[in-house]
C-alpha cells in the first residue's frame with residue numbers, strides 16, 4: 001500500500017476517516033487545559049481535521065502550526081477554523097518540514113505512517129524540537145493492522161525508536177481515553193535530549 005498524498009486525499013474526499021472522532025479527545029484536552037504559556041510554538045503533524053489546533057486556537061494559542069499532505073483536509077480546515085493564521089497551515093510532508101517547536105502533538109499521525117518510517121519520525125521530531133521540546137500525545141498500544149493504517153504497536157517497540165533521542169517521561173496507559181479507545185492507547189510525554 002502506497003501511503004501517498006493521493007491516498008490520504010482520497011480518504012478525506014470520500015469521508016473514509018474512521019479514526020476521526022469529530023472533536024478533540026479527552027486526554028489532549030486535559031493536557032492543553034493545563035498549559036499556561038500561550039506563546040509556545042506547537043506543531044501538529046498529519047493534522048487532518050485537527051480539532052486539537054482549533055481548540056488551542058480558541059484558547060488563545062497563536063503559535064500553532066498544522067501540517068498535512070492532503071489538500072482536501074487542508075482546505076476544509078481553512079474554511080472551518082476562522083482566524084487561524086494562514087501561514088500556520090502547511091500542505092506538505094512532515095519529513096520535509098523545517099522549523100523549531102516547543103511541542104509536537106501526536107494524535108493518530110504516528111499510527112498512520114508506514115511502520116518503516118517510525119525511526120525517521122523520531123529523528124525528524126528531534127530535529128524540529130527546540131532544546132527541552134516535547135512530543136506529547138497519544139499512541140496506540142495494541143496490534144491493530146499490518147496491511148493498512150492505523151498501524152498499532154507497543155510500549156516496548158516505541159521505546160526502541162525514542163529512548164536514544166528523548167527522555168521518555170510518560171508512556172503509560174491513558175486513563176481518560178474516549179470510550180472507543182479505552183485500554184488501547186497510551187499517553188506519551190517525551191522530552192528532547
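The values are calculated or read from the model by the stated rules, or taken from the named source; none is laboratory data. No experiment lies behind these values; they were computed from the predicted model shown. Here Cβ is always computed from backbone atoms with ideal geometry, including for glycine, and neighbour counts include all displayed protein chains.
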Enumeration of residues in the range 157-182 that are in a helix (DSSP H, G or I), without any contact (Cβ under 8 Å) to a residue 40 or more places away in the chain and over 23 Å from residue 127 (Cα atoms) = 179
query = If you take the residues in the range 147-167 that are farther than 20 Å from residue 191 by Cβ and surrounded by 15 or more Cβ atoms within 10 Å (Cβ to Cβ), which one is modelled with the highest pLDDT?
reply = 153
ask   = Scanning for something modelled with pLDDT under 95 and touching a strand residue (DSSP E or B) at 6+ places or on another chain (Cβ under 9 Å), does the range 120-136 turn up at least one residue?
value = no
request  = Within the range 60-85, work out how many residues are over 19 Å from the mean Cα position of the chain (by Cα) and without any contact (Cβ under 8 Å) to a residue 12 or more places away in the chain.
outcome  = 2
message = Condition check: at pLDDT 95 or above, more than 18 Å from residue 128 (Cα to Cα) and either loosely packed, with under 13 Cβ neighbours inside 10 Å or within 15 Å of the chain's Cα centre (by Cα) (or both). Does residue 32 satisfy that?
response = yes
task = Name, by its number, the condition in (1) exposed (fewer than 14 other Cβ atoms within 10 Å of the Cβ); (2) under 26 Å from residue 99 (Cβ atoms) that does not hold for residue 183.
result = (2)
query = In this structure, is residue 73 modelled with pLDDT under 95, crowded, with 22+ Cβ neighbours inside 10 Å, closer than 17 Å to residue 43 by Cβ and in contact with a helix residue (DSSP H, G or I) (Cβ under 8 Å, 6 or more places away or on another chain)?
reply = yes
request  = Output the qualifying pairs, or none if there are none: Cβ atoms under 6 angstrom, residues six or more apart or on different chains, first residue in the range 119-133 and free of Cβ contacts under 8 Å to residues at least 60 places away in the same chain, second residue surrounded by 18 or more Cβ atoms within 10 Å (Cβ to Cβ) and not in a strand (DSSP E or B).
outcome  = 119/161; 122/161; 122/162; 122/165
query = If you scan the range 99-123, which residues turn out to be over 13 Å from the mean Cα position of the chain (by Cα) and either closer than 20 Å to residue 41 by Cβ or buried (at least 21 other Cβ atoms within 10 Å of the Cβ) (or both)?
reply = 99, 100, 101, 102, 123
Residue among 12, 31 that is in contact (Cβ under 8 Å) with a residue 40 or more places away in the chain, in a helix (DSSP H, G or I) and in contact with a helix residue (DSSP H, G or I) (Cβ under 8 Å, 6 or more places away or on another chain) = 12
ask   = Is there a residue in the range 100-109 that is within 19 Å of residue 187 (Cα to Cα), out of contact with any strand residue (DSSP E or B) (no Cβ under 6 Å at 6 or more places or on another chain) and modelled with pLDDT under 95?
value = yes
First in the range 41-59 and touching a residue at least 40 places away in the same chain (Cβ under 8 Å), second anywhere and in a helix (DSSP H, G or I), Cβ under 6 Å, 6 or more apart = 44/52; 44/53; 45/94; 48/73; 52/28
